[in-house]
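Here is the structure we will look at.
The values are calculated or read from the model by the stated rules, or taken from the named source; none is laboratory data. None of these values were measured; they are calculated from a predicted model. Note that each Cβ is placed from the backbone with ideal geometry, even for glycine, and that neighbours are counted across all protein chains shown.
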Amino acid sequence: MLRLQAVGAVINMMTTALRSRKSLYFYIVVIAIAFAYSVNSVSTVAVAASSITFGLPLAMAAMVGIMCERTGVVNIGIEGTLLTSAFFGFFVAALSQNLIWGLLAAIASGAVTGLLLALLTVSWKMDQIIAGTIVNILATGLTSFFYKQGYSLPAIFPRWSIPGLSDIPFLGRVFFQSGPITYFGLILIFVLYVAMYHTAWGLRTRAIGEYPSSAETSGISVKKFKYINVVIAGAFGGLTGAYLTLELVGSFDRGFSAGKGFTALAIMIFGRWNPIGALLAAIFFGFAQALANQLMIDGLVAIPGPFINMLPYVLTIVVLAFSAGKVRGPAAAGQPYEREQA
Amino acid sequence: MATLLQVKNVTKSFGSVIANNDISFEVAEGEIVALLGENGAGKSTLVKSVFGLVRPDQGEIFIDGNQMAPGDTAAVIASGVGMVHQHFKLVPVMSVTENIILGDEPKNGLFVNVKKAEQKVRELSEKFGLEVDPTANIEDLPVGTQQRVEILKALSKDVRLLIFDEPTAVLTPQETDELILVIKNLAHLGVGVIVITHKLREVMALADRVVVLRDGKVVGTTTPKETNEAGLAQMMVGRSVVLEVEKGVANPGKPVLTVKGLEVFDDRNLRAVKGVDLEVRSGEIFGIAGVEGNGQRELVEAICGMRLRAKGEVLVSGAATKDMHPHAVHEAGVSHIPEDREKHGLVSSYSISDNLILNQFDQAPFARGWFRNMGEIRKNADLLVKKFDIRTTSPAALASSLSGGNKQKVVIARELSQDLQVLIAAQPTRGVDVGSIEFIHKQLISARDNGAGVLLVSAELDEIISLSDRIAVMSAGKIVAIIDSKGADRDYIGRLMAGLDK
């Protein structure tokens, strides 16, 4: 029954999306991919698959921002969460020689950074930007200080080919030959979307992000909700950190997260604080990077490597410049909530 | 009738200020109790304690004989108490239904059952005769309808005691009459009602019993039968108050403010003022009556140079004024008491003395060249604080520390302490207590008697009728009639405001 409803909600969402005016873009993309595939199938598949690979961590990190801002907490500490969880994920997995322990350690340490942010912003009502900066500085400092060279993972999470689905031309290679965290992360993004717009939790969360005293006067504990959501978001960030080290790269270095936490904030805004919107925005970011990489590999354009690496940051600036002032986020994000003034 | 609510010896202080001092009162089923008091008398704090939004320092609260844990809003709601807040607790970007079900969502497994919720809202809306569209977004609804949603939200939880916090502050006279009927109907169904207000006329029309608060204490309990408006005002303020405005005959002279063919657009870029002509003469009070949102705000802002004049002109003593230059308009002799004093009247993080020279800070004697003359600024503040009876510990205190009435006195002191030909007063007594209202009215009349032309805009029809010498009625961006205030008929003006009579 529940499952049916969830599936129904997703199908409903997709069919309305396909009927909307924006679906024009969707059809253009499908046609473009089909054309590219007919010309050069190998490169097209590679670019599409890399779009997901590069885009997924950004999408997952953007979910952290969405969950927090929807409850009225601005989280610029995502970068710190990614760095911390990648650090713990890597070293716990390397020391125990067990990827599962690494994964759990990453999720737990991400949740701890969320707890720290909640403590600073919700209980102590600290300025949220400063609180996020504290999380970032702490993460950079601690992970650099305790970093040791010479450790390595036993392996990285293997790719799971989904029987049947992975044989579909193009789509099979792009979507159904990925690692476990990729599948899990994608599912969680859809779950978050459904939860945000179709459950009581989502309704309450959004109400708190817009106008907390509306929730408080309806008998909802704003403080409890903020704590729970920010900590869950931190755990989600931890999963993202685990993806980066345990599934994608397989190693850890100082400053490993390389600004992905900040790019994620741009993606959150680009996706208008909507999980599906952010997922699409993240895939677009991933696509830009993947395309540039592929063009370089194919030797079609002679762009120096550093310029390719600049791409996500340049895109972030462009997106923010064009969307600033036009999109409206949760109204109460960034404001500490004082109960006595309710 | 059974007792529903018992409040026993409740005390609450914020820092050194005692908001509630040993307060006790009761409400029975089907009874309407008015909590009457000036701003800052402690009414809001008291009902917030009842509702669990504020934790009292001492005292006990019983609902149906059960003692409530302090600060437990959820438990209070569960025992059947609802509250209609002065500042609506509605999320603007959400639908009527979503706002009503928030905190008590009908579910279908894990999911919110939207259909059932909308059905529930429709049933409630029919049962209590409060019409709303369950799917509309709050931000698209007029204020009166938003309040209806707020009431429905409270009623959706099987309320037995309903608290209204200043419910008529934002309503038109007609909406107020409707609300009074709704409240009486609820009481008839057995709901206990607490109404917080400082409007005497509503108390007389509505209440079974009146509990009067002053300085955080209960100073008396009475019924409308035993007293009258003057008696209530005296209890509330602690001295006798003149409710009728005493004013002499107007002595109008030459036109000082002339508006010709003015057209103005509002924030949504819709035409809000559609060709207004008016003339205010020196020595008269020219009132503009109208339901809020019919272009009054845009008209005032355009006159004062705060909003672009799309068409038409504004002349002060015959000289055209510059568009979009509030400072130049002010220099031309126009003083302005703005509708939103927090936004346009004051800088709340500045001291009272700085707020008192906010539009003359760069002029002698308050400035010497590039430097501020602190001595003169302080002298000016001491003088005005005394003259306008601004209740504060010190002129150096921040404006944010003042009560609403005293903030308004700061604005009025500043605007009236300089040479002026025209005074524009927009909602000058909004959110201001009875004692201060009397004072503000006297100041407006003395400005008139000193030869200024006063343009008064107010949503309080009684205020317009009692103060004005001539009344213009504004409806849908136009002035539909200009009448003499002598013998003006309240109902006739009400119909004009609603756009019914031409």
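On the given criteria, is B:ILE18 crowded, with 18+ Cβ neighbours inside 10 Å, aliphatic (A, V, I, L, M), within 28 Å of the chain's Cα centre (by Cα) and outside any loop (DSSP other than H, G, I, E, B)?
no
Scanning segment B:202-228 for residues that are in a helix (DSSP H, G or I) and surrounded by fewer than 17 Cβ atoms within 10 Å (Cβ to Cβ) yields a total of 4. A count restricted to segment B:50-76 and to residues that are within 11 Å of chain A (Cβ to nearest Cβ), closer than 20 Å to B:ASN21 by Cα and assigned to a helix (DSSP H, G or I) stands at 1. You will find that of B:GLU98, B:GLU38, the residue that is over 26 Å from B:LEU189 (Cβ atoms), assigned by TED's automatic domain parsing to the domain that holds B:MET204, under 28 Å from the mean Cα position of the chain (by Cα) and part of a helix (DSSP H, G or I) is B:GLU98 and no other. Looking across segment B:117-156, just one residue is in contact with a Pro (Cβ under 9 Å, 6 or more places away or on another chain), over 19 Å from A:ALA207 (Cβ atoms) and of a type outside the set (S, T, N, Q), and that is B:ARG122.
In segment B:324-370, which residues are over 29 Å from the mean Cα position of the chain (by Cα) and surrounded by fewer than 16 Cβ atoms within 10 Å (Cβ to Cβ)? Selection gives B:ALA328, B:GLU331, B:PHE361, B:ASP362, B:GLN363, B:ALA364, B:PRO365, B:ARG368, B:GLY369, B:TRP370. Looking only at residues that are assigned to a loop (DSSP other than H, G, I, E, B) and modelled with pLDDT under 90 in segment B:134-158, which one is farthest from B:LYS89 (Cα to Cα)? Per the stated criteria, the residue is B:ASP158. Considering only residues that are without any contact (Cβ under 8 Å) to a residue 40 or more places away in the chain and either closer than 20 Å to B:GLU279 by Cα or outside the structural domain of B:VAL300 (by TED's automatic domain parsing) (or both), look in segment B:403-445 and name the one that is surrounded by the most Cβ atoms within 10 Å (Cβ to Cβ). The selected residue is B:LYS409. Candidates are the residues of segment B:221-264 that are touching a strand residue (DSSP E or B) at 6+ places or on another chain (Cβ under 6 Å) and hydrophobic (A, V, I, L, M, F, W, C); the one that is modelled with the lowest pLDDT is B:MET236. Across segment B:466-502, the number of residues qualifying as farther than 25 Å from B:SER417 by Cβ, touching a helix residue (DSSP H, G or I) at 6+ places or on another chain (Cβ under 7 Å) and not polar (S, T, N, Q) comes to 11. Is segment B:104-111 home to any residue that is at pLDDT below 95 and under 30 Å from the mean Cα position of the chain (by Cα)? There is no residue in segment B:104-111 that is at pLDDT below 95 and under 30 Å from the mean Cα position of the chain (by Cα). Is it the case that some residue within segment B:148-156 is touching a strand residue (DSSP E or B) at 6+ places or on another chain (Cβ under 8 Å), surrounded by fewer than 20 Cβ atoms within 10 Å (Cβ to Cβ), of a type in the set (D, E, K, R) and within 19 Å of A:SER218 (Cα to Cα)? Within segment B:148-156, none of the residues are touching a strand residue (DSSP E or B) at 6+ places or on another chain (Cβ under 8 Å), surrounded by fewer than 20 Cβ atoms within 10 Å (Cβ to Cβ), of a type in the set (D, E, K, R) and within 19 Å of A:SER218 (Cα to Cα). When segment A:169-207 is filtered for residues that are touching a residue at least 40 places away in the same chain (Cβ under 8 Å), of a type in the set (Gly, Ala, Ser) and over 19 Å from A:VAL231 (Cα atoms), the ones remaining, listed by number, are A:SER178, A:GLY179. Cβ separations smaller than 9 Å between residues 6+ apart or across chains give no pair from segment B:99-117 residues that are at positive phi and more than 7 Å from chain A (Cβ to nearest Cβ) to residues that are buried (at least 20 other Cβ atoms within 10 Å of the Cβ) and modelled with pLDDT under 95.
Of the set (1) in contact (Cβ under 8 Å) with a residue 24 or more places away in the chain; (2) assigned to a loop (DSSP other than H, G, I, E, B); (3) within 14 Å of another protein chain (Cβ to nearest Cβ); (4) among the small types (Gly, Ala, Ser), all apply to A:SER257 but (3).
Taken together, the criteria exclude B:GLN58 from residues that are in contact with a Ser or Thr (Cβ under 8 Å, 6 or more places away or on another chain) and at pLDDT below 90.
Restricting segment B:47-62 to residues that are over 23 Å from B:PRO167 (Cα atoms) and hydrophobic (A, V, I, L, M, F, W, C), the residue that is farthest from the chain's Cα centre (by Cα) is B:PHE62. With respect to the conditions (1) within 14 Å of another protein chain (Cβ to nearest Cβ); (2) touching a helix residue (DSSP H, G or I) at 6+ places or on another chain (Cβ under 8 Å); (3) not in a loop (DSSP other than H, G, I, E, B); (4) not charged (D, E, K, R), B:SER44 falls short on a single one, namely (2). Annotation: A:ILE297 fulfils all but one of (1) within 18 Å of A:PHE270 (Cβ to Cβ); (2) β-branched (Val, Ile, Thr); (3) surrounded by fewer than 17 Cβ atoms within 10 Å (Cβ to Cβ); the unmet one is (1). Taken together, the residues in segment A:149-201 that are crowded, with 17+ Cβ neighbours inside 10 Å and within 14 Å of chain B (Cβ to nearest Cβ) amount to 9.
The residues in segment B:117-147 that are loosely packed, with under 14 Cβ neighbours inside 10 Å and either outside the structural domain of B:LYS184 (by TED's automatic domain parsing) or touching a Lys or Arg at 6+ places or on another chain (Cβ under 9 Å) (or both) can be counted, and the count is 1.
Go through segment A:203-220 and give me each residue that's small (Gly, Ala, Ser) and within 8 Å of chain B (Cβ to nearest Cβ).
Within segment A:203-220, A:ALA207, A:SER213, A:SER214, A:ALA215, A:SER218, A:GLY219 qualify.
Selection within segment B:308-354: residues that are without any contact (Cβ under 8 Å) to a residue 24 or more places away in the chain and assigned to a strand (DSSP E or B). The member of this set that is farthest from B:ALA452 (Cα to Cα) is B:ALA320.
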